[in-house]
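Here is the structure we will look at, set down as structure tokens.
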Amino acid sequence: MLVNSKEMLLKAKKEHYAVPHFNINNLEWTKYILEEMQHLQKPVILGVSEGAIKYMGGYTVVSSMVKALLQDLNITIDVCLHLDHGSSIESCKKAVDAGFTSVMIDASKYNLEENIKITKEVVDYAHLKDVTVEAEIGHIGGSEDGVSGNNTNAKLEECIYLVEKTNIDSLSPALGSVHGLYKGQPNLDFKTMKEINESIKIPLVLHGGTGIPDYQLQKAIECGISKININTELQIAWHNDIKQFILKNENIYDPRKVISSGENKIKETIDNKVKEFKTK
Ligand code: 13P
């Protein structure tokens, strides 16, 4: 069933586990994730970046595809369709109008007051349609930034203030994680993570889940993380297998065979993440 993220994340916060957010890139990935999560009988968040939306053809294409797969594959678990890193109010509104059940407004590049203003406008629009909203504070860098590159960690007082002023449903505070691969060990600020969790009632989100060792993920969950975003790890898993397949089968050009040669690895990675996140 297509749902917003509210109940699934509040339950995760209360029972100390994390709901996986897997980014989708095409029909096949969406299908593999849904099939595997249905098999495991766990809730899932399908994250879609603006780039992936553009690649797949648009907001309505993505929303219609997900709804159709839920129907035709008889998916009965809770599934949330979430805009990942919405960069503008317009983008979030488009996702809401197209039938997404959750949006992230990432106004973290602006100063705090501007971030609040933009986020609040998205919340006011989204909540009218029962769509949940995630916001970001501080700055989560990309792999190109390295571990201690241009990340700016979130500050406790600012997190409390933003949550109070915007009425968001979940918060992504930048606390040392990065998108993509880490150079060396991730250096997460667990102390601030715990303080934020104890000071606000809404669930916390950890971006940049790829490459964070299991013991750190466990610690993050203990410190109150209720949703963990994974993108690169699925891409690498899929790419490793597809590369082998192409090298071994030079004459197989049927795209169904080529693309699906990464299916098992994607599903195996999903299984591992669900175990690590202790998803219920
Ligand atoms: P990774 O690509 O590092 O897994 O991060 C995913 C993410 O945070 C998407 O928002």
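Here are the numbers for this structure:
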{"quantity": "Contacts under 9 angstrom Cβ, first residue in the stretch 216-245 being closer than 27 Å to Ile196 by Cα, partner aromatic (Phe, Trp, Tyr) and away from the ligand (no atom under 16 Å from the Cβ), 6 or more apart", "calculated": "Gln216/Phe190; Lys219/Phe190; Ala220/Phe190; Ile221/Tyr17; Glu222/Phe190; Cys223/Phe190; Ser226/Tyr17"}
{"quantity": "Qualifying residue in the stretch 159-174 (condition: among the β-branched types (Val, Ile, Thr), within 23 Å of Gly142 (Cβ to Cβ) and either at pLDDT 95 or above or within 16 Å of the ligand (Cβ to nearest atom) (or both))", "calculated": "no"}
{"quantity": "Val79 vs. criteria more than 20 Å from Leu171 (Cβ to Cβ) and within 16 Å of the ligand (Cβ to nearest atom)", "calculated": "no"}
{"quantity": "Evaluation of Glu134 against (1) crowded, with 16+ Cβ neighbours inside 10 Å; (2) in a loop (DSSP other than H, G, I, E, B); (3) within 16 Å of the ligand (Cβ to nearest atom); (4) not polar (S, T, N, Q) (one fails), failing number", "calculated": "(2)"}
{"quantity": "Residue list for the stretch 16-49, filter: farther than 15 Å from Ile228 by Cβ and part of a helix (DSSP H, G or I)", "calculated": "Leu27, Glu28, Trp29, Thr30, Lys31, Tyr32, Leu34, Glu35, Glu36, Gln38, His39, Leu40"}
{"quantity": "Number of the condition not met by Ser199 [criteria: (1) out of contact with any Leu (no Cβ under 8 Å at 6 or more places or on another chain); (2) of a type in the set (Gly, Ala, Ser); (3) surrounded by fewer than 16 Cβ atoms within 10 Å (Cβ to Cβ)]", "calculated": "(1)"}
{"quantity": "Ile228 vs. criteria in a helix (DSSP H, G or I) and either surrounded by 16 or more Cβ atoms within 10 Å (Cβ to Cβ) or away from the ligand (no atom under 13 Å from the Cβ) (or both)", "calculated": "no"}
{"quantity": "From the options His39, His85, residue that is of a type outside the set (D, E, K, R) and more than 27 Å from Ser108 (Cβ to Cβ)", "calculated": "His39"}
{"quantity": "Filter pass, Lys120 being loosely packed, with under 15 Cβ neighbours inside 10 Å and modelled with pLDDT of 95 or more", "calculated": "no"}
{"quantity": "Meets criteria (surrounded by fewer than 24 Cβ atoms within 10 Å (Cβ to Cβ), assigned to a strand (DSSP E or B) and at pLDDT 95 or above) for His85", "calculated": "yes"}
{"quantity": "Qualifying residue in the stretch 240-249 (condition: in contact with an Asp or Glu (Cβ under 7 Å, 6 or more places away or on another chain), within 16 Å of the ligand (Cβ to nearest atom), farther than 16 Å from Ala18 by Cβ and of a type outside the set (Gly, Ala, Ser))", "calculated": "no"}
{"quantity": "Considering residues of the stretch 231-257 that are aliphatic (A, V, I, L, M) and either modelled with pLDDT under 95 or in a helix (DSSP H, G or I) (or both) only, the residue surrounded by the fewest Cβ atoms within 10 Å (Cβ to Cβ)", "calculated": "Leu247"}
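Matching residues to (1) exposed (fewer than 14 other Cβ atoms within 10 Å of the Cβ); (2) among the aliphatic types (A, V, I, L, M); (3) under 21 Å from Ile140 (Cβ atoms); (4) within 16 Å of the ligand (Cβ to nearest atom):
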| residue | (1), (2), (3), (4) |
| --- | --- |
| Leu34 | no, yes, no, no |
| Leu40 | no, yes, no, no |
| Lys94 | no, no, no, no |
| Val103 | no, yes, yes, yes |
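The rows are residues; the columns are (1) of a type in the set (Asp, Glu); (2) assigned to a loop (DSSP other than H, G, I, E, B); (3) in contact (Cβ under 8 Å) with a residue 12 or more places away in the chain; (4) surrounded by 21 or more Cβ atoms within 10 Å (Cβ to Cβ).
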position	(1), (2), (3), (4)
Thr60	no, no, yes, no
Val66	no, no, yes, yes
Cys80	no, no, yes, yes
Asp97	yes, no, yes, no
Phe100	no, yes, yes, yes
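The values are calculated or read from the model by the stated rules, or taken from the named source; none is laboratory data. Computed from a prediction, not measured in an experiment: that's the story for all the values here. For neighbour counting, all protein chains shown are included, and Cβ atoms are generated from backbone atoms with ideal geometry for every residue, glycine included.
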